[in-house]
Amino acid sequence: MALDFKDIKSADLFLPGLVQQVFNKYQRTDGSSLSAGERSQLFTELTALLGEDLLERALRLLDEWAIIIYYTPDRLRRIVELVSKRNSVHVMRILPGINYCKCRYFQRCVLQLLEDQEATSSTESDCIAFTCEHVLAQRLHELLNRVPREQILTLEQFKYFHEDVYFD
């Protein structure tokens, strides 16, 4: 079966690259922070690509959740944990550099996995997205915070966290 390019939206092909270009554009190698103007421009560009609602949810996460980076003892592998400051039971773990999250929004809107009867609202049943607020918040945190909160884990602890990224 031949691929019919008329059925593929150009956004499906270019969005991941465009989002990466935006993050690369504002990445600092000299340890300096973004200026207020650069931050504003970053948010404008991300809003244009991902939508205002997703960006606002990610920024809210940065304010209301703690973000911790866990490393293996050799510091070659890492997992990012997002923990609600209001309710420490709400925890999300993701792998940096990988656009995957086990949250309901990612499963429904990015992977298109949940059935329509499982959708909680009409907007969620129609949604199509590139990523979720957890992955976006992690990327923004990495870009905007010069001194992240970090912790070294034993290999056993890291394995448990890694398995938790994929299993409910």
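The values are calculated or read from the model by the stated rules, or taken from the named source; none is laboratory data. Every value quoted in this text rests on a predicted model; they were computed, and no experiment measured them. Positions of Cβ are backbone-derived with ideal geometry, glycine not excepted, and every protein chain shown enters the neighbour counts. Protein only, heavy atoms only, side chains kept; ligands, DNA and RNA dropped before computing areas. Shrake-Rupley method; radii C 1.70, N 1.55, O 1.52, S 1.80 Å.
One table, with the values for the structure above:
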{"read-out": "Residue that is nearest to Leu144 (Cα to Cα), among those in the range 11-26 that are of a type in the set (A, V, I, L, M, F, W, C) and open to solvent by 80 Å² or more (accessible area, probe 1.4 Å)", "value": "Phe14"}
{"read-out": "Number of the condition not met by Gln117 [criteria: (1) modelled with pLDDT under 95; (2) assigned to a loop (DSSP other than H, G, I, E, B); (3) more than 28 Å from Phe14 (Cβ to Cβ)]", "value": "(2)"}
{"read-out": "Among (1) surrounded by fewer than 13 Cβ atoms within 10 Å (Cβ to Cβ); (2) in a loop (DSSP other than H, G, I, E, B); (3) within 15 Å of the chain's Cα centre (by Cα) - the single one Thr29 does not satisfy", "value": "(3)"}
{"read-out": "Residue within the range 51-71 that is over 30 Å from Glu163 (Cα atoms), open to solvent by less than 30 Å² (accessible area, probe 1.4 Å) and either assigned to a helix (DSSP H, G or I) or at pLDDT below 90 (or both) present", "value": "no"}
{"read-out": "Sole residue being of a type outside the set (A, V, I, L, M) and surrounded by 12 or more Cβ atoms within 10 Å (Cβ to Cβ), chosen from Arg104, Arg86", "value": "Arg104"}
{"read-out": "Residue that is modelled with pLDDT under 95, surrounded by 15 or more Cβ atoms within 10 Å (Cβ to Cβ) and closer than 25 Å to Gln27 by Cβ, where the choices are Glu133, Glu142, Glu81, Glu124", "value": "Glu142"}
